[in-house]
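The values are calculated or read from the model by the stated rules, or taken from the named source; none is laboratory data. The structure presented is a predicted model; accordingly, all values stated were derived computationally and were not measured. So basically every Cβ, Gly included, is an ideal-geometry build from the backbone, and we count neighbours across all protein chains shown. Calculation scope for accessible area: heavy atoms of the full protein, side chains included, ligands and nucleic acids excluded. Shrake-Rupley method; radii C 1.70, N 1.55, O 1.52, S 1.80 Å.
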Amino acid sequence: KVASQRDKTCILLPLDEGQWEPVIEQLQRIAPETILFLSRLEGLTVELPDDAPLHLLIDKSKAPLVDLMNDETLATYWVNQREVRRPPDEREEKRIGVETRTVSIAFPLARAREPIYSVFAYLPTEMQSGYPFLINADFILTSSREAILVDWSWNGWLRDEIVPCFVEGFVALVRDPRYWQQAYGFIPLADKVQERFFQPPVERIHQELANLPVVWVVDKQEPVAPPHARLAPPTFR
């Protein structure tokens, strides 16, 4: 049911008997990251019986830094977005007429707790990538919205676009004096990625970074490519 009042729209979703308690439990656990990749949403309020209202706000005024807040900052992410064009040979019936999509990655810089979700299709899924950052794209999901359909070529294409999106965001982050030390912790590692679908980007990311100026060294004003850096042994230090 939809009820409109001037410029506002209220959507009423009645619940069947016996479903109220499970819905309340899920709403009580809603994560701030739920609104991170929703471009037109500036906030979310959840009011529950016998409970204080939950207010979530998103502040993108310092982009690429994005703050998720209630009365205080809950999390800060460095978000990098990249528009990608559909390959000519990539055709999907569920996306007829779509020529471009946006792929996003979000590096968690500061947060009150570990993020619950890591894979988003605008809203979070139950899938874990194994990457130390969040990813978002227009993935085609199972009917329950819990997971990506890993055998679909459309999803494979968007997954591969994580590589240039990550590299672009990482290079920018590593050049920021506030966050360059944190940046290295966001490089994905193969032994942390258990889901086979998400393994291919890891090696490609390593290959890309191997030739880019992303390593800070002593007495240099600019980072250098890894082949031009050396790790000093403890005896030298």
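Just for the range 85-109: of the residues that are part of a strand (DSSP E or B) and more than 14 Å from the chain's Cα centre (by Cα), which one is surrounded by the fewest Cβ atoms within 10 Å (Cβ to Cβ)?
Out of the qualifying residues, it is T100.
Go through the residues of the range 33-55 one by one and say whether even a single one is small (G, A, S), touching a strand residue (DSSP E or B) at 6+ places or on another chain (Cβ under 7 Å) and not in a strand (DSSP E or B). Before the answer, list the steps.
Filtering the range 33-55 down to residues small (G, A, S) leaves 39, 43, 52.
In the following step, the residues that additionally are touching a strand residue (DSSP E or B) at 6+ places or on another chain (Cβ under 7 Å) were identified as 43.
Retained after the next criterion (residues that are not in a strand (DSSP E or B)): none.
No: zero hits.
Condition first: among the small types (G, A, S), touching a residue at least 40 places away in the same chain (Cβ under 8 Å) and either over 17 Å from E195 (Cα atoms) or buried (at least 20 other Cβ atoms within 10 Å of the Cβ) (or both). Now tell me which residues in the range 121-146 satisfy that.
If the condition is that a residue be among the small types (G, A, S), touching a residue at least 40 places away in the same chain (Cβ under 8 Å) and either over 17 Å from E195 (Cα atoms) or buried (at least 20 other Cβ atoms within 10 Å of the Cβ) (or both), then S129 is the only one that fits.
Cβ contacts < 7 Å: first residue free of Cβ contacts under 8 Å to residues at least 12 places away in the same chain, restricted to the range 194-214; second residue open to solvent by less than 60 Å² (accessible area, probe 1.4 Å) and of a type outside the set (D, E, K, R), any location; separation 6+ or different chain. Result?
Q199/V193
Pairs needed: first member in the range 179-191, under 13 Å from Y131 (Cα atoms); second member anywhere, of a type in the set (D, E) and open to solvent by 40 Å² or more (accessible area, probe 1.4 Å); C-beta distance under 9 Å; at least 6 residues apart or different chains.
A190/E203
Output the residues belonging to the range 30-61 that are open to solvent by 50 Å² or more (accessible area, probe 1.4 Å), over 21 Å from T102 (Cα atoms) and under 18 Å from the mean Cα position of the chain (by Cα).
Within the range 30-61, L57 is the sole residue that qualifies.
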